[in-house]
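Engineer: Quick one: this structure, given as structure tokens, is what I'll be asking you about.
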Amino acid sequence: GVGVVGVAPKADIIVVRVFGDNGGFYAGSLIQAMQRCEQQGAHIISMSLGGESYSGAEAAECQSLFNKGILLVAATGNGADAYANPPRPGAVNYPAAHGGVFGVG
């Protein structure tokens, strides 16, 4: 038979909830999610999320994971940023703006 194989057929996907029932998230929930991924053996953590607020604890966790060799990838922004008050054209959201995080936009 003919089958389909991806580029990483032995890769596991770890799904972790970050957003609360209200649709938002806090740095603490993101930190817990990243730690859970690390505990489950993740080599790459992909985060399709972001926000405007800086968190020192979040930055420290990102740097810690980076130092352990875990690749962190995060969205750099959202199309709605141009409508923020005040407007933030070209702004990079967190966690993508933290050191040790590869930002994708």
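The values are calculated or read from the model by the stated rules, or taken from the named source; none is laboratory data. Model, not experiment: these values are computed from the prediction. When we count neighbours, we look across all protein chains shown, and the Cβ atoms used for this are built from the backbone with ideal geometry, even at glycine.
Engineer: Filter the stretch 44-60 for residues that are more than 13 Å from the chain's Cα centre (by Cα) and exposed (fewer than 15 other Cβ atoms within 10 Å of the Cβ) and give the result.
Structural biologist: Listed by number, the residues that qualify are E52, S53, Y54, G56, A57, A60.
Engineer: May I ask you to list the residues in the stretch 1-43 that are surrounded by 10 or more Cβ atoms within 10 Å (Cβ to Cβ) and in a helix (DSSP H, G or I)?
Structural biologist: Once the filter is applied, which keeps residues that are surrounded by 10 or more Cβ atoms within 10 Å (Cβ to Cβ) and in a helix (DSSP H, G or I), the stretch 1-43 yields A27, G28, S29, L30, I31, Q32, A33, M34, Q35, R36, C37, E38.
Engineer: Working only within the stretch 40-84, note down all residues that are of a type in the set (S, T, N, Q), modelled with pLDDT under 95 and under 18 Å from I13 (Cα atoms).
Structural biologist: Passing the criteria: only S48.
Engineer: Scan the stretch 6-27 and report the pairs whose first residue is farther than 16 Å from M47 by Cα and touching a residue at least 24 places away in the same chain (Cβ under 8 Å) and whose second residue is assigned to a loop (DSSP other than H, G, I, E, B) and among the polar types (S, T, N, Q), with Cβ atoms within less than 7 Å and a gap of 6+ or a chain change.
Structural biologist: Listed by first residue and then by second, the contacts come to nothing, as the list is empty.
Engineer: Continuing with the same structure: If I filter the stretch 50-59 for residues that are hydrophobic (A, V, I, L, M, F, W, C), in a helix (DSSP H, G or I) and free of Cβ contacts under 8 Å to residues at least 40 places away in the same chain, do I get at least one hit?
Structural biologist: Yes, the conditions are met somewhere in the stretch 50-59.
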